[in-house]
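As structure tokens, the structure follows; a few thoughts come after it.
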Amino acid sequence: MLRGFSKDVSHLDHDFKPLVVMELAKDAKPEAREWLVSRISAHKRDGGSQLLIRPVAIPDEKEHIYVVGASTKRLLLGAEAVGFVKESEDGSMRPFLYSNRTEFKNFYGDGDDFLTMAECQYIIKHELDNLRAQDETHIPGYSQAKLYPGKSIVRRMQTSGILLQIFSLHDRDALKLLAKDWYHHVRISHQPIDEIRHYFGDTIGLYFAFLEYFTWALVPMASVGLLYYSFTWESYDNYVVFAMFNLVWATVILEVWKRYSSTLAYRWGSLLMKRQFEEPRPGFHGVLGTNPVTGKREPTYSSLKRQLRMYLISVPFVCLSLYLALYVMMIYFDMEHWALQYHQEEQSLYSTVMMYVPSTVYAIVIEIMNRIYRYAAEFLTSYENHRLESSFQNHLVLKVLVFYGVNCFASLFYIAFVMYDIPLLKQSLVCLLLVSQFFNQIFETFLPYWMQKRSKRQVIAKVKPIKEGTDTLLEQIKIEKNMATYLGTFDDYLELYLLFGYVSLFSCVFPAAAILVVLNNISEMYTDALKICRVYKRPFAEPSSSIGVWMLAFETLGVLAVVTNCALLGMSPQIKATLQDWHLDPFLTAITVEHALLALKCILAFVIPDEPHDIRVKLARLEFESLEALKEKQQLKLSHESLSEDGFEKEKPFPSGN
């Protein structure tokens, strides 16, 4: 698991295995540094984290860098505390208990290799995040950095500029093996999902699993679209078959994904991982109080104040942003009208090219507005001061999806259902797809990769003359601490969300859209793999049993796809003529079909279980065994109390021989 570091830490303790790096400011005061080290290494009963922390000396530089690790026993106890689920010897998945550690599969000796490096780093990060102040009023040496009992020490030091960053170290040998199986060779095959999860954790493993699944799910649609598109070139009235296929496809793939993701989560142990009471997120602040559920002393914040911030500041800002997006959309339509008139008057090659300029410019403006709004949404959500990280993420996703949905899809709805201009709808869809894919590749992959390569060359030039390459840990820390920080899978899921919307909502007027998305996703697999392995610091692993709130977002698009495709079918002159021949009203028929398909969608969601049958059986068996164990424990307790009351427990046996 961590053997690759043994040669790197010869200047530290012999048995010390560095897992996490902490960088403090160059002007951090000695008393603050010593206090932080003492709190991290202090025993749990004394309010510490009981971790191992060592300084790393960097010649000729006044940097304060520490590496953090833990003993094997401390990590195993931490695994029990956070609720890790592991495979037992009988093949079932069970919550890990240190007292029963030898009953788990692959537990040998002292258990040095039982936990993955990613799991060990998660445990350390969890302990550091939950390192709370006790009776301190401020950080030593910084009277302005106030503390109170229950305040996160790490968070306060970060906001005060004392602690610059915390990041997990890469395992170079394991990373090379993963890269060789993952992105070194371009091939149309499955990604090593289990290996990705083993190295980066559940959250990132599930993202790449969903990316791969979404890509393969698009292949049938792209194939049908390619055939249909070939036979109906420039015939915009003959998209009935493709629209019906689109409806079934958008519903089925999401239900099948739920089953696939639950299988992965069970195999990884996260499906059974018990969610304890969530600790307050590090950025949460408020007046010190007592949690009514856990009884712990922690910051409290009035829900009324949070509601006022949400409804008096966040909601008006979101509405204003939506108005701005719609206003820019109308400017785009004015540009389209001008370009069309210019082309009708000139009828030249230049005027033909000018017809595509408004759509391209509008697509670029959409990307710029999306990125600006994203930063504003993060600021507002942080300002609302949500207590839990899950609540913070849910409100952030809601803000972003509302704006992105209007900004990216409103023009397409307007063109389709107000202007009734199918050729312009196709043109706008193509521009939005191509421009968004171009921007994503440039800003999310190539630009960070170029900056990282440039930074790496500068660092190596400084480090190698010091030790002539002998201290690989020092070189690794110097390189990785200058890498960009991976901000999570939010942007990646958001990109897939928009692509899913383009395909499920409007691809019936441009069947080649699915083909473009397949090509984009194949490229995304390798560029995302490259950037997470080479461009960014190693992210801390996070347990996850699903893709979370994003599943609800995709399902909402699936429902909207039914309405959109039914409306497009109702607009088809071919369908209208057929219905009129049958003496049926096209509008009422479209609404009837829409409601019937929505009902069918609900039936499919109910009929297709979220977990496969064998997973449901295993979950039920584990629940039954847990209840039986609880009953047995209660019976033993009652029996013990009964014996104590009768006094038999206090009786001593007669001496032998009497």
So, first residue in a loop (DSSP other than H, G, I, E, B) in segment 29-54, second residue hydroxyl-bearing (S, T, Y) and crowded, with 17+ Cβ neighbours inside 10 Å, Cβ within less than 8 Å, six or more apart or across chains; the pairs are K29/Y142; A42/S49
For segment 109-133 the number of residues that are within 33 Å of the chain's Cα centre (by Cα) and farther than 26 Å from F167 by Cβ is 0
Among residues of segment 472-510 being part of a helix (DSSP H, G or I) and in contact with a strand residue (DSSP E or B) (Cβ under 8 Å, 6 or more places away or on another chain), the residue surrounded by the most Cβ atoms within 10 Å (Cβ to Cβ) is I477
Pairing a residue in segment 408-420 that is touching a residue at least 12 places away in the same chain (Cβ under 8 Å) with any residue that is surrounded by fewer than 21 Cβ atoms within 10 Å (Cβ to Cβ) and of a type in the set (D, E), where Cβ atoms lie under 7 Å and the two sit 6 or more apart in sequence or on different chains, gives I415/D421
Does E367 count as in the same structural domain as Q307 (by TED's automatic domain parsing), of a type in the set (D, E) and more than 19 Å from Y502 (Cα to Cα)?
no
Among (1) farther than 30 Å from A79 by Cβ; (2) touching a His at 6+ places or on another chain (Cβ under 6 Å), R538 falls short only on (1)
For segment 503-526, pairs from a residue that is over 20 Å from F413 (Cβ atoms) to a residue that is in a loop (DSSP other than H, G, I, E, B), with Cβ under 6 Å and 6 or more apart or across chains, are Y526/Y183
Among the residues of segment 340-366, the number that are touching a Ser or Thr at 6+ places or on another chain (Cβ under 8 Å) and more than 14 Å from S428 (Cα to Cα) is 3
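Here is a check on your reading of the model: is F84 buried (at least 18 other Cβ atoms within 10 Å of the Cβ), over 17 Å from S626 (Cβ atoms), touching a residue at least 12 places away in the same chain (Cβ under 8 Å) and not basic (K, R)? If you could, list the steps in order and put the result at the bottom.
On the way: buried (at least 18 other Cβ atoms within 10 Å of the Cβ): yes; over 17 Å from S626 (Cβ atoms): no; touching a residue at least 12 places away in the same chain (Cβ under 8 Å): yes; not basic (K, R): yes.
No: the conditions fail for F84.
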Of the residues in segment 63-81, those that are part of a loop (DSSP other than H, G, I, E, B) and either among the aromatic types (F, W, Y) or crowded, with 21+ Cβ neighbours inside 10 Å (or both) number 1
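The values are calculated or read from the model by the stated rules, or taken from the named source; none is laboratory data. What you are looking at is a predicted structure, and each value in this text was computed from that prediction instead of being measured. Cβ: placed from backbone, ideal geometry, glycine included. Neighbour counts: every protein chain shown.
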